[in-house]
Amino acid sequence: MDKLAVVTGGTKGIGRAVTAMFASQGYAVATCARSEEDLAQLKTELEAEGDSKIHTFAADLSKRKDIDDFLDFVTMTGKRLEILVNNTGVFIPGEVQTEDDGVLQQLLETNLMSAYHVTRGLLTQLKKNDKGHIFNVCSTASLEAYPNGGSYSISKFALYGFSQVLRHELRAEGIRVTAVIPGPTFTPSWDGVEIDEDRLMKAADIAQMIWATSQLSEASVVEDIIMRPQLGDL
């Protein structure tokens, strides 16, 4: 049975880089995104580069039904799940005191609850192998609030807390949990912002660190991967 990596939000930015990384290393990858067009393009491009199979499913993981449908899709691949990368997320700038009603709920549903429900839904498959690795893509906003971070920071703080709880619960079952905590990274979330691309980290660098961390012996775990641009956060 082929080994499988599941990457949520796999068509852009860090998610795409991670999907490409694991595919290049011989994994089958199951991924999701809201856009069927973006998923089709991803599948075509990555499968043209190698022999790995890319399984794509259109889903909005802020919606519970879409989460459940994606979980059924992952199960139906029939492959051995080894890696889960919870990457789905959205950034909405603003301040708690002035942001629109509903922003916190939207960010929690997308940035936190998607990871919570996807993880719970796939744990049985991970436990079958007595090993596995879960990566939650957090943010330096998980560690320190910043201006105009608003409810985004709240959601990412919560995701980091979720990572710590999971690590404590799963360590005796051979499943490793790593919080990925990147600073400013060149992704589509920066579209429209006038900034030198070289001032930001590359998504491929984040993917490289996730891959390297997954390859450590089962006796070790990298609890947190904290990465920032060489010149510091913006």
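The values are calculated or read from the model by the stated rules, or taken from the named source; none is laboratory data. In this text the structure is predicted, and so the values were computed from the model without any measurement. Reconstructed Cβ throughout: ideal geometry from the backbone, glycine too, with neighbour counts over all protein chains shown. The area values use the complete protein model at the heavy-atom level, side chains included, leaving out ligands, DNA and RNA. Shrake-Rupley method; radii C 1.70, N 1.55, O 1.52, S 1.80 Å.
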Is it true that some residue in segment 173-188 is of a type in the set (Lys, Arg) and crowded, with 18+ Cβ neighbours inside 10 Å?
yes
Of the residues in segment 184-224, those that are touching a helix residue (DSSP H, G or I) at 6+ places or on another chain (Cβ under 7 Å), more than 17 Å from residue 7 (Cα to Cα) and at pLDDT 95 or above number 2
Looking at residue 177 and the list (1) assigned to a strand (DSSP E or B); (2) touching a Cys at 6+ places or on another chain (Cβ under 9 Å); (3) over 22 Å from residue 33 (Cα atoms), which single condition is not satisfied?
(2)
Look at segment 4-35 and say how many of its residues are over 16 Å from the mean Cα position of the chain (by Cα) and either under 21 Å from residue 115 (Cα atoms) or open to solvent by less than 20 Å² (accessible area, probe 1.4 Å) (or both).
3
Looking only at segment 133-163, and only at residues there that are surrounded by 22 or more Cβ atoms within 10 Å (Cβ to Cβ) and of a type in the set (A, V, I, L, M), the one that is farthest from residue 104 (Cα to Cα):
134
